[in-house]
Every structure is written in structure tokens, then in C-alpha cells.
Amino acid sequence: MALGQKVLFLGVYGMEVVECGGALAKNILSGGESFASIMLCRETSQPQVRKAAEVLGIKDVAFLNFESGAVDFGVESKKKLVKVIREVKPDIIITQDPEHSFHDLDPDRRPAMTLLLESIALSSRDFALDEMPGLGPHPIPTIYYMTPHHPNTVVDITEVWEQKERAMDMLESQMEFSGQHFEEMLDPKTVEIISPGFSKLATHKEKGRAIHKALDKAVHVYHGLATHGHFPLAEAYRREGNFHLAELII
């Protein structure tokens with residue numbers, strides 16, 4: 001990723017803002033601007049996601065308020081996303097990975113992926129120009145897919161690790177949901193291996209946060225330091241298409 005770009009994150013769910021938070025925060029440190037737009041986020045969770053975005057330094061986060069279970073490829077759905085892209089005019093878009101979206105059984109991910117890619121393409125054409133005065137076509141930006149099954153890019157987020165963890169702290173309802181899920185899913189002895197002291201935590205929110213801390217560190221160390229990596233902590237991405245370089249880089 002080049003320094004100081006205008007980066008737009010197009011997410012399906014709110015927590016994804018933090019999952020990509022390292023790259024978004026690093027872009028800001030380099031003098032760039034980072035934006036986020038979320039398709040599906042409960043109204044009660046939106047203030048928490050907005051706080052997380054503020055911790056990361058994201059300039060603006062928009063909630064598009066799609067209906068869960070009813071994401072479609074209709075013209076009005078495309079217009080919502082095209083309008084965001086043309087308003088921000090990003091150099092780079094980060095969004096969900098197509099391959100991951102088809103394997104993940106979270107609802108709406110599969111139609112959302114098609115809708116996102118169609119909208120990115122339409123934003124560069126003469127689609128709905130009359131209904132968006134002052135917003136002309138925007139060339140297709142460089143696209144990076146988040147949490148891919150087959151990454152080809154890692155971003156060093158060591159410098160902003162604590163910032164990313166503080167942003168995750170803001171997602172209290174997500175942590176509560178995760179705590180209940182992990183408590184039901186995991187054997188008590190097993191969960192103590194992952195997060196020592198888990199059974200002594202008083203609330204589902206505390207339990208969810210404890211597991212997420214363990215998962216976050218494991219994932220980011222794996223993509224950073226492990227497998228002969230160069231960085232202590234890294235976020236993984238897959239760039240769409242080839243890297244176009246004037247010369248080889250280290």
C-alpha cells in the first residue's frame with residue numbers, strides 16, 4: 001500500500017472496521033484519509049462502531065442500513081454503494097474476500113459480495129448520474145480483500161496494535177455476544193488453554209473480549225512473525241489483480 005492514500009472500507013458488518021483497523025490507522029499515520037461504510041449494523045450497535053472508528057482515526061463512518069436477510073442486487077441497493085464511492089473518491093477500497101464470503105455462513109455475505117463488486121464497477125460508468133448531481137464517475141480503485149483464505153499481502157500494524165485493541169474494546173455488544181457463544185461452544189478445560197482465567201470472568205462481555213484478545217494476537221502474529229514473516233504483527237489481505245511496479249521492490 002502506498003503512503004498517504006484515500007482509503008475506503010466497504011464492510012458488511014460493524015466489527016470488520018476494527019478487523020481492518022490496522023491498515024486504516026496506518027494510512028492515517030502516513031498522511032492519508034480513511035473512511036468506512038457499513039451495510040449491516042444494528043442501530044443499537046452503531047454508536048459503538050462509531051466510537052471504534054474514532055479511536056482508529058477514521059474520518060467518517062456511514063451506515064447504509066440494509067435489511068438483514070434482504071440484501072439484493074436491485075438498482076436502489078447499487079445506488080447506495082455507488083454514491084458512497086463517488087463521494088469519497090478512494091484510491092484504495094478494502095472489502096470482504098469473495099472466496100471467504102462464500103465459505104462463511106454469516107447471512108447476507110454472498111449477495112453482499114456480488115453487490116459490492118457490481119457497485120464498484122458501476123461507480124466508474126455512467127450509471128445513475130442524473131440522480132447524483134455533482135458526483136461523476138470514479139475510476140475503479142485498487143481493491144484489497146480482507147481476511148482472505150489466500151493472502152498475497154501483509155501490512156505491518158505493530159505501530160498501531162494498541163490502537164486497534166482499544167478500538168475493539170468499544171464493541172461491547174459484539175463482545176457480549178461472543179462471550180456467550182464461546183462459553184457455549186468451548187469445553188471449560190479447553191478454553192482455559194486459550195484464555196487462562198476465562199472461567200473466573202464475571203460477564204459475557206469480559207469473556208468475549210478475553211477470547212478475542214487471544215484470537216487477535218494469534219492471527220496477527222501468524223501473518224506477521226510466523227512462517228518466516230518480517231513483522232511482529234500483521235494484517236493479511238489479497239490484492240485484486242497484479243501488482244504493477246516500475247521496478248522490483250524489497
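The values are calculated or read from the model by the stated rules, or taken from the named source; none is laboratory data. Since the structure is predicted, the reported quantities are computational estimates derived from the model, not experimental observations. As a convention, Cβ positions derive from the backbone with ideal geometry for all residues, glycine included, and neighbour counts pool all protein chains shown.
Among the residues that make up the stretch 20-32, is at least one of them within 18 Å of PRO111 (Cβ to Cβ) and touching a strand residue (DSSP E or B) at 6+ places or on another chain (Cβ under 7 Å)? No, there is no match, as no residue in the stretch 20-32 is within 18 Å of PRO111 (Cβ to Cβ) and touching a strand residue (DSSP E or B) at 6+ places or on another chain (Cβ under 7 Å).
All of THR203, THR147 fail the test of being more than 18 Å from LEU56 (Cβ to Cβ) and among the polar types (S, T, N, Q), apart from THR203.
Look at (1) among the basic types (Lys, Arg); (2) at pLDDT 95 or above; (3) farther than 29 Å from ILE120 by Cβ and you find that LYS189 fails only one, number (2). Counting only strands (runs of 3 or more DSSP E) that fall entirely inside the stretch 6-117 and contain at least 3 residues that are surrounded by fewer than 21 Cβ atoms within 10 Å (Cβ to Cβ), the qualifying elements are 60-63. Determine if the stretch 26-48 includes at least one residue that is of a type in the set (Val, Ile, Thr), touching a Pro at 6+ places or on another chain (Cβ under 8 Å) and at pLDDT 95 or above. No, the stretch 26-48 contains no residue that is of a type in the set (Val, Ile, Thr), touching a Pro at 6+ places or on another chain (Cβ under 8 Å) and at pLDDT 95 or above. The residues on offer are LEU10, LEU40, and the sole one that is outside the structural domain of VAL221 (by TED's automatic domain parsing), touching a residue at least 24 places away in the same chain (Cβ under 8 Å) and out of contact with any Asp or Glu (no Cβ under 8 Å at 6 or more places or on another chain) is LEU10. Residues in the stretch 144-164 include at least one that is surrounded by fewer than 18 Cβ atoms within 10 Å (Cβ to Cβ), in contact with an Asp or Glu (Cβ under 6 Å, 6 or more places away or on another chain) and assigned to a loop (DSSP other than H, G, I, E, B). Confirm whether LYS207 is modelled with pLDDT under 95 and of a type in the set (D, E, K, R). Taking the combined requirement at face value, the residue does not satisfy it.
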